[in-house]
Amino acid sequence: MNIADPTFEWFALSPVLAVLAAACLGVLAEAFLPQKPRYYAQLALAEIGLLGGFALLVWNWSAAAVSASGAPQAVTGAKLAMGALVFDPPSYLFWGALLVFGALAVAVFGERAMTGATAFAASVSAIPGSQAEADAIAAKREHTEVFPLALFSLTGMMVFGSAGDLLTMFVALEVMSLPLYLLSGMGRRRRLFSQEAALKYFLLGSFASAFFLFGMALLYGYSGSFDFAVIDTSLATSEMNRGILLAGLGLMAVGLLFKMGVVPFQSWVPDVYAGAPTPVTGFMAICTKLAAAAGLARVFFVALGGERWSWQPVFAVLAIATMAVGVILALSQTDLKRLLAYSAISHAGFLLTAVVGAYQFVPEGQLNSLGAIFYYLVAYGFATIPAFAIITTLRDTSGGEATDLAKWSGLGKSNPLLAGIFSLLLLSFAGIPLTAGFIGKWAVFAAAWQGGFWWLAITGIGFSLVAAYVYIKVIVAMFFGEPAEGVQLGQASMLTWLPISLGAIGTLWLGLFPAQLMDLIAQAQVFVK
Amino acid sequence: MILLETMAAGAISYAWLMIAVPAVSAALLLLLGKAADAWGHWLGVLAALASFAVAVACFGQLLASAESAREVTVPLFTWITTPTWHIDAALLIDPLSILFALLITGVGSVIHIYSVGYMAHDERKRRFFAFLNLFVAAMLILVLSDNYLVLFVGWEGVGLASYLLIGFWQHKPSAAAAAKKAFVMNRVGDLGMTMSVFTMLALIGSSSFADVNAAAAKLPWGWVTAIGFFLLLGACGKSAQVPLQAWLLDAMEGPTPVSALIHAATMVTAGVYLVVRSHAIYAETEAAALAVCVVGAVTLLVGAWIGCSKDDIKKVLAGSTMSQIGYMMLAAGIGPAGWAFAIFHLLTHGFFKANMFLGAGSVMHAMGDDVNMRNFGALRKAIPITFWTFAMGYLAIIGFPGFAGYFSKDHIIEAAFEHGPAFGIIAILGAGVTAFYMTRLMLMTYFGEARWEKDIHPHESPLTMTVPLMILAAFSVIAGFLMNGWISGWLNPGLGVAEHEAEWLPTPVGLVTLVVIAAGVFLGWQLFGKKPVPKEVPDTSNPLVIAGRNDVFGDAVNSALAVKPTMLLADTTVANDTWIIDRGVDGLATGFLELSRVGRKVQTGQVRSYALFMAVGVFLVGVLVIVGQLG
């Protein structure tokens, strides 16, 4: 038996490896550093890992964009680590977004100026309400493992969206999910609520993973390979029963749509988003969605693109159901985190319309389905991280976050700047023109329309109209409601304010001047098979 | 905005200053606020005078040029560039436009000076002068542009200034309503303007006078007629011609200098300018040209008719203005034979009507802002300067031989007879009626017994008001004589008008006209000079008088034809909005909220039910996949 030596393209892999290395160093730091400097070391390590990874990614791109003779050339991409990873132009996009949004979200993790401690439990192992917990709080203990956990999760996300075969994808799925389950359960306040959310997320996530795995096995049975490119060719050549293919396709879809939070696999979203520590919710909301969307697009555009007549109608029905559930149930929410959770579900639905369009071959300079999805996610990320960061700033008398919508009444009078930024972000969620969200919605609906699903685009526009009520309700409460009693704004540090202001700037910038990012995306929106 | 290099030389290359100076002055007066209250009106006067100086310089340069070189285009900047259309903003200085520029800035300056006296005690004097300057700038854009689209900018600008100035005394509900009425009725005309520009851009690809004139002959008859009617609609709105005449009488709610400048001398004649400027269009379409004549003839009579039966001195003059513009329209519709006379009458009318309006302002000044002529009488001794200057205007408008109106009106009547006897008879009849109602005005105001209200002590106006009156009176006397032998030749290159032999002695038609005028004057003296004028409005069963007192039922017609149907449509729309759309939207919103309240119960918080939900979901996906295969 002849086993070839494994080969690794270290330079191309370096963005992922930087994050992974930072995570591993974080574990070491957790073990060996004393308590006091540990927080600073972990925060610095995480940010260096993420921003370093981003720098390496940019370096990679600029190196690839220049030919040996020095002339500019199109970035084509390559398969890395013997086909396990595909480092193609879309990978650059999604990795870049994951690293930037990861860096912003992790900064919020580090916020402790408002209450003197991070949003994470002092001691996760201590039973809530016990003496051990009280002792841990008194000793100012902190779980700084949250930083390496987030980095591990991000490593998984980066690999997930760029996997070249199903096996890598499954491993990446678990690598990204397991730390998220943990992070969700580490809330400092309302710990039982947080732990309950983590357990639900874990149980339902495992359930979904099982479907994913089953679907994988069936696809392997049909095509004889895990490799996306081989599965693609097998669609035309395989002599197996088509039923196996369809069952595998359906079950794979279940696993992937679960991560996106698409109806009917959305039940976990409101509970987990509400129960998880708010910085983690912000992190999950954008980064998980980025990874899941990239993975979904890669599996269904690359491996199963030839079978799109089978899955487009299914996804179309689910997209409508998702938009409907997300929007309609958001109408009656009174808790801001839950409201944004339902908003996240509706956004998954809007995203799915572009997937359904499967619009791939576009005139030069226009966005295809993947480009539209990416633009939408960038717009969503610039709005959602600061939105959840803003939620951490309003505190009730006990020092806990005041997430009840009634507590936000009248904020526009006491703090017009913060309320103004929050309103801008909400308008972007709603897709109002001059914000990034508008361009994002326009892009995904255009992709659906161009792909032949004009009725889906019109349905989506209808639901975005209804959704506007949800967000404007909050703005009206903030600016026209009587100021609420018993709440005050925490004195947040730069770790919260930087993501908020960058997000607000990004939201406005991408709404006013979308052309730059669109041009960049247009160069890099085609998967390599 | 790309500035274009100008090829014009001398004063004409600075022609843009004519517009820029009053525009900047208007902006300054409005922006500086109270800081400019003390001296703002003098800035306004200076701006108008500066503009006049530039106009005179440009005129001088044109006079000195060879006849073939009297049409100068001054490019300013590129305004609109699209793949289909390219529109430059440019000024066209030619014999026609420069006459207008002189009238606007010249009479405008005089009226600015007059206003210093007239508005001396008004708290919002600075704003008044700002609006006057704005008007001058906009009116100059209108007449100087070389392009229908740029003309339209000025067209709307004067409409705005007119609206602001009619409603200047906004504390009076009647003034506010009159401003709105003028604005809305002008929108109807503006619709015609925009449609004509759209048609030009669509068919010709350009809206510049040169391109449109060149292309007019090649257009299909239907389209050139359509453009002609669209332009006529625009002209009717701006010039208060039947059927869009009703706003002009109400517009007298504005301060009197406004009535003189905008609603007598300049803006309301823009329609005549438009028709004359579009002569190439009307040369191609008999139907539209005939429509212009008919509109002019009808308005000529309607305006005179209204003038006969009003007791409000300004409304008599307003009716008279409509009537005189009707003459101009008639002349403009006649064709090459009438164009020069339309402009000639426009200029002389600009002088004598501004003169009489300012005179009426001076009378009002003397009589405590009363406008009812039944409260006047015997004023010739009390305010002699006003009386004598007004008398010059009177002689000019009735066409007393040698005075300004005599020459210009006589030419129009002659041309109308040549065009068609019906038009000629109407024109002569109009001249007689004009003589009648103007005599009535003179007798009721200046002669007879004093019928003054208590505590009214008439006094002559200050010099700032009487000097302008004298200037305008002088022009009312000599303008016709000065221009009679000259104007046809002057306008010849731009319009290609038929050269007329200047007539100095009355022709047979002219003699008949003089007889009819004399009859009008005599009749007026019989009714209002020989016997005392009653202070109360006499009852009458004469349907002609009743119609005249009611503005020939213009408002009633508008109400029945436009206002009532529009209100019905509006009411229906409101009802539809309230009962169907609002109910529908509210119901939809309630429905969604109810759905939301029910739907959230699915989110039980129990992980087992979530898992069940997922399992059902998997089943659903399976069903969908299978259904998809069947389809």
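The values are calculated or read from the model by the stated rules, or taken from the named source; none is laboratory data. Owing to the predicted nature of the structure, the values given are computational and were not obtained by experimental measurement. Neighbour counts run over all protein chains shown; Cβ positions are idealised from the backbone, glycine included.
Sort out which residues of the stretch A:241-272 are part of a helix (DSSP H, G or I) and under 16 Å from A:Val325 (Cα atoms), and write them in order of number.
The answer is A:Leu257, A:Phe258, A:Met260, A:Trp268, A:Val269, A:Pro270, A:Asp271.
Could you tell me whether any residue of the stretch A:305-312 is touching a helix residue (DSSP H, G or I) at 6+ places or on another chain (Cβ under 8 Å), part of a loop (DSSP other than H, G, I, E, B), within 14 Å of chain B (Cβ to nearest Cβ) and farther than 20 Å from A:Arg189 by Cβ?
no
Among B:Ala216, B:Ala226, B:Ala280, which is without any contact (Cβ under 8 Å) to a residue 40 or more places away in the chain, touching a helix residue (DSSP H, G or I) at 6+ places or on another chain (Cβ under 9 Å) and surrounded by fewer than 24 Cβ atoms within 10 Å (Cβ to Cβ)?
B:Ala226
Identify the residue in the stretch A:473-527 that is more than 27 Å from A:Pro433 (Cα to Cα), among the aliphatic types (A, V, I, L, M) and surrounded by fewer than 17 Cβ atoms within 10 Å (Cβ to Cβ) and, among all such residues, is modelled with the highest pLDDT.
A:Met494
Based on what the data block shows, is A:Val356 within 14 Å of chain B (Cβ to nearest Cβ) and assigned to a helix (DSSP H, G or I)?
yes
Could you tell me which numbered condition A:Pro363 fails, if it satisfies all but one of (1) over 24 Å from A:Thr496 (Cβ atoms); (2) surrounded by fewer than 24 Cβ atoms within 10 Å (Cβ to Cβ); (3) in contact (Cβ under 8 Å) with a residue 60 or more places away in the chain; (4) away from every other protein chain (no Cβ under 14 Å)?
Only one criterion in (1) over 24 Å from A:Thr496 (Cβ atoms); (2) surrounded by fewer than 24 Cβ atoms within 10 Å (Cβ to Cβ); (3) in contact (Cβ under 8 Å) with a residue 60 or more places away in the chain; (4) away from every other protein chain (no Cβ under 14 Å) is unmet by A:Pro363, namely (3).
Report yes if some residue within the stretch A:274-295 is over 13 Å from A:Gly215 (Cβ atoms), crowded, with 24+ Cβ neighbours inside 10 Å and within 12 Å of another protein chain (Cβ to nearest Cβ); otherwise report no.
Yes; the residues of the stretch A:274-295 include at least one that is over 13 Å from A:Gly215 (Cβ atoms), crowded, with 24+ Cβ neighbours inside 10 Å and within 12 Å of another protein chain (Cβ to nearest Cβ).
Kindly list the number of the only condition in (1) under 24 Å from B:Ala340 (Cα atoms); (2) over 23 Å from the mean Cα position of the chain (by Cα); (3) not in a helix (DSSP H, G or I) that fails for B:Thr84.
Tallying (1) under 24 Å from B:Ala340 (Cα atoms); (2) over 23 Å from the mean Cα position of the chain (by Cα); (3) not in a helix (DSSP H, G or I), B:Thr84 fails exactly one: (1).
Got at least one residue in the stretch B:599-610 being among the charged types (D, E, K, R) and within 56 Å of the chain's Cα centre (by Cα)?
No, the stretch B:599-610 contains no residue that is among the charged types (D, E, K, R) and within 56 Å of the chain's Cα centre (by Cα).
Can you name every one of the helices (runs of 4 or more DSSP H) wholly within the stretch A:445-529 that holds 2 or more residues which are more than 30 Å from A:Ala65 (Cβ to Cβ), of a type outside the set (D, E, K, R) and touching a helix residue (DSSP H, G or I) at 6+ places or on another chain (Cβ under 6 Å)?
Output list reads A:454-480, A:494-512.
Between residues in the stretch A:11-30 that are farther than 16 Å from A:Ser91 by Cα and modelled with pLDDT under 95 and residues that are charged (D, E, K, R) and not in a helix (DSSP H, G or I), which pairs lie under 6 Å by C-beta distance while being six or more apart or on different chains?
Going by the 6 Å Cβ cut-off, the qualifying pairs are A:Glu30/A:Glu145.
What are the residues in the stretch A:98-142 that are among the β-branched types (Val, Ile, Thr) and free of Cβ contacts under 8 Å to residues at least 24 places away in the same chain, if any?
Selection gives A:Ile127, A:Ile137.
Here is a yes/no grid of residues against (1) surrounded by 11 or more Cβ atoms within 10 Å (Cβ to Cβ); (2) in contact with a Gly (Cβ under 9 Å, 6 or more places away or on another chain); (3) of a type in the set (D, E, K, R); (4) within 17 Å of B:Leu249 (Cβ to Cβ):
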| position | (1), (2), (3), (4) |
| --- | --- |
| B:Asp551 | yes, yes, yes, yes |
| B:Asp555 | yes, no, yes, yes |
| B:Ala560 | yes, no, no, no |
| B:Thr573 | yes, no, no, no |
| B:Ile580 | no, no, no, no |
| B:Arg583 | yes, no, yes, no |
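Name the residues in the stretch A:256-266 that are more than 10 Å from chain B (Cβ to nearest Cβ) and on the phi < 0 side of the Ramachandran plot, would you?
A:Leu256, A:Lys259, A:Met260
Among helices (runs of 4 or more DSSP H) lying entirely in the stretch B:537-631, which contain 3 or more residues that are within 30 Å of B:Gly319 (Cβ to Cβ) and away from chain A (no Cβ under 14 Å)?
B:543-549, B:554-558, B:564-575
Mind checking which residues of the stretch B:60-81 are assigned to a helix (DSSP H, G or I) and touching a strand residue (DSSP E or B) at 6+ places or on another chain (Cβ under 9 Å)?
Those that are assigned to a helix (DSSP H, G or I) and touching a strand residue (DSSP E or B) at 6+ places or on another chain (Cβ under 9 Å): B:Gln61, B:Leu62.
Go over the candidates A:Ala477, A:Ala524, A:Ala457 one by one and state the one that is of a type in the set (A, V, I, L, M, F, W, C) and either within 14 Å of chain B (Cβ to nearest Cβ) or more than 21 Å from A:Ile328 (Cα to Cα) (or both).
Matching residue, one of A:Ala477, A:Ala524, A:Ala457: A:Ala524.
A:Tyr201 - would you say it is touching a Ser or Thr at 6+ places or on another chain (Cβ under 7 Å) and closer than 27 Å to A:Leu339 by Cβ?
Yes; evaluated as a whole, the condition is true for this residue.
Between A:Leu218, A:Leu251, A:Leu182, which is more than 17 Å from B:Ser609 (Cα to Cα) and under 19 Å from the mean Cα position of the chain (by Cα)?
Being more than 17 Å from B:Ser609 (Cα to Cα) and under 19 Å from the mean Cα position of the chain (by Cα) holds for just one of A:Leu218, A:Leu251, A:Leu182, which is A:Leu182.
Can you give me the number of residues within the stretch A:179-206 that are in a helix (DSSP H, G or I) and either without any contact (Cβ under 8 Å) to a residue 24 or more places away in the chain or farther than 25 Å from A:Ala84 by Cα (or both)?
Matching residues across the stretch A:179-206 total 19.
Report whether or not A:Val302 is aliphatic (A, V, I, L, M), more than 30 Å from A:Lys407 (Cα to Cα), more than 9 Å from every other protein chain (Cβ to nearest Cβ) and more than 15 Å from the chain's Cα centre (by Cα).
For A:Val302, the condition - aliphatic (A, V, I, L, M), more than 30 Å from A:Lys407 (Cα to Cα), more than 9 Å from every other protein chain (Cβ to nearest Cβ) and more than 15 Å from the chain's Cα centre (by Cα) - is met.
I'm trying to understand the selection: among the residues of the stretch A:198-239, which are of a type in the set (Val, Ile, Thr) and either within 20 Å of B:Val625 (Cα to Cα) or within 12 Å of chain B (Cβ to nearest Cβ) (or both)?
A:Ile231
Condition first: at pLDDT below 90 and of a type outside the set (Phe, Trp, Tyr). Can you find one or more residues in the stretch B:342-359 that meet it?
So far as the stretch B:342-359 goes, no, none of its residues is at pLDDT below 90 and of a type outside the set (Phe, Trp, Tyr).
Looking at this structure, is A:Phe193 more than 20 Å from the chain's Cα centre (by Cα) and away from chain B (no Cβ under 14 Å)?
no
Go through the residues of the stretch A:240-254 one by one and say whether even a single one is crowded, with 20+ Cβ neighbours inside 10 Å and either under 30 Å from A:Lys473 (Cβ atoms) or more than 14 Å from chain B (Cβ to nearest Cβ) (or both).
no
Checking A:Met176 against (1) at pLDDT 95 or above; (2) surrounded by fewer than 17 Cβ atoms within 10 Å (Cβ to Cβ), only one condition comes out false. Which one?
All conditions are met except number (2).
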